[in-house]
Amino acid sequence: MIILYGIPNCDTVKKACTWLTAQGLAHEFHDFKKAGIPADRLAAWESELGWEKLLNRKGTTWRKLDPQEQAGAVDAASAQALMRAQPSLIKRPVVEWGNRSTVGFDPAVWTTGL
């Protein structure tokens, strides 16, 4: 089963859900805001994808952090602490395809991996 993690008002998450549906791919949506972030999943994504790829440094939530908080994201542990405290700092969507995970919406990557 494909699990798409994100927040429902994110345009990229909406595009990803629409794309999955158009491809006829059944998927489950996990809302970070309502259901939180499973701690084991965040650690697994970090291990597979790298914390640098997961931490969204281009979004509004990042820009709203004070410079000290931003500077504190120096390794996996500190980045994970920030992402757990503020789920909107996770680049979206994170998709679990069963045997692998991806972050961000890229139909070309998604198609080649199916």
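The values are calculated or read from the model by the stated rules, or taken from the named source; none is laboratory data. Treat the numbers as computed from the prediction; the structure is a model and nothing was measured. Counting neighbours? That spans all protein chains shown, and the Cβs are built from the backbone with ideal geometry, glycine included.
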query: Any idea which of (1) farther than 24 Å from THR112 by Cβ; (2) more than 11 Å from the chain's Cα centre (by Cα); (3) in contact (Cβ under 8 Å) with a residue 24 or more places away in the chain is the one LYS15 doesn't satisfy?
result: (1)
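Do we find that THR102 is polar (S, T, N, Q), over 27 Å from GLN23 (Cα atoms) and either surrounded by 14 or more Cβ atoms within 10 Å (Cβ to Cβ) or modelled with pLDDT under 95 (or both) in this structure?
no
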- request: Kindly provide the set of residues from the stretch 56-74 that are surrounded by 10 or more Cβ atoms within 10 Å (Cβ to Cβ), farther than 14 Å from PHE32 by Cβ and not basic (Lys, Arg), ordered by number.
  value: TRP62, LEU65, GLU69, GLN70, ALA71, GLY72, ALA73
First in the stretch 67-94 and more than 16 Å from SER47 (Cα to Cα), second anywhere and of a type in the set (Val, Ile, Thr) and not in a helix (DSSP H, G or I), Cβ under 8 Å, 6 or more apart: PRO87/ILE7; PRO87/ILE37; SER88/ILE7; ARG92/ILE7; ARG92/VAL103; PRO93/VAL103
message: Restricting to the stretch 28-59, and then to whatever is touching a residue at least 40 places away in the same chain (Cβ under 8 Å) and not aliphatic (A, V, I, L, M), can you tell me which residue is farthest from TRP97 (Cα to Cα)?
response: LYS33
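Go through the stretch 45-67 and report how many residues are of a type in the set (A, V, I, L, M, F, W, C) and within 10 Å of the chain's Cα centre (by Cα).
3
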message: among the small types (Gly, Ala, Ser) and at pLDDT below 95: is that true of ALA35 in this structure?
response: yes
- request: Could you pull out every one of the helices (runs of 4 or more DSSP H) wholly within the stretch 25-114 that has 2 or more residues that are in contact with a Gly (Cβ under 9 Å, 6 or more places away or on another chain) and under 15 Å from GLY6 (Cα atoms)?
  value: none
